[in-house]
Amino acid sequence: MSFLKRFSAGELHLNRIEAFSDGVFAIIVTLLVLDLRTPALHDPHSARELARELAALLPKFLSWLVSFIIVCKFWLNHHHIFSLARHANYGLVWLNSLFLMCQSFIPFPTALMGEYVENPLAVSFFGVVMALNTVIFIALHAYILRHLLRPELTGTIPPGIVSRSFTGVFFYLLGAAAAWLSAHLAFLLYFVTPLFFIVPPAVRRLSPARR
């Protein structure tokens, strides 16, 4: 138990952790686009050949678009939950590091799905990775609310916000299952899922009597 208690120690500044996290997010969105490469043409003057090669790149483009939206959604909500914390402790730092580790893996399933869009395992693997990222984010959110919430925000957090976040996990896993039936359906589910959390939940204002 003494080992676990060490994670609740420390009152670290949030700005360095947020700056490091922002840097990781910036690198991730940069890596995502690197899989979109200019097609090589046998005839550089052939518009028909270029159009055909660009059409072949459509799955990669859609994979990039979906992942970019998802990562931006994670970044925005990550910024929101850190604004709720009064400070950071070692537990938050390592939980955040685990979350960033999972985020940094996103370019791989994105490239895999874009390259092998007709392979159900590749498309399904993308959903599983996104579900895992969402679970880690939920754990990070819950840790802040339980251990590090700013005192003045007590009673302002919408009830059940953590449990409602599992909607994302469900839909990503639903997309992973749908990939074995239809890649188009899986893509649709992956695209729609981040829209549920495209903006963070509003913090309720306390009435003067409760302040």
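A few points about this structure:
- Ordering Leu98, Phe125, Val192 by Cα displacement along the dipole of the chain toward the positive end leaves Leu98 in first place; charges were set at the Cβ atoms of Lys, Arg (+1) and Asp, Glu (-1).
- Arranged from fewest to most other beta-carbon atoms within 10 Å of their beta carbon, Asp35, Asp43 become Asp43, Asp35.
- Gaussian network model of the chain, Cα within-10 Å springs - most flexible of His42, His80, His147: His42
- Values (1) 58, 38, 27; (2) 47, 40, 35; (3) 71, 37, 31 are given for comparison; Cα extents along the principal axes in Å, derived from the coordinates here, is the one labelled (3).
- Here the gap between Leu145 and Phe20, fully extended at 0.36 nm per residue and compared with their Cα-Cα distance, gives a gain of 42.9 nm.
- Contact order relative to length of the range 10-202, as percent, for alpha carbon pairs under 8 angstrom and 6 or more apart: 26
- Estimated at 0.36 nm per residue, the fully extended path between Ile157 and Leu132 surpasses their Cα-Cα distance by 6.6 nm.
- Sites listed here are trypsin sites (Lys or Arg not before Pro) in the range 1-110 whose DSSP assignment is loop and whose Cβ has at most 16 other Cβ atoms within 10 Å: Arg37, Arg86.
Read-outs throughout are calculated quantities, based only on the coordinates presented, and are distinct from any laboratory measurement. All of these numbers come straight from a predicted model, not from anything done at the bench. For neighbour counting, all protein chains shown are included, and Cβ atoms are generated from backbone atoms with ideal geometry for every residue, glycine included.
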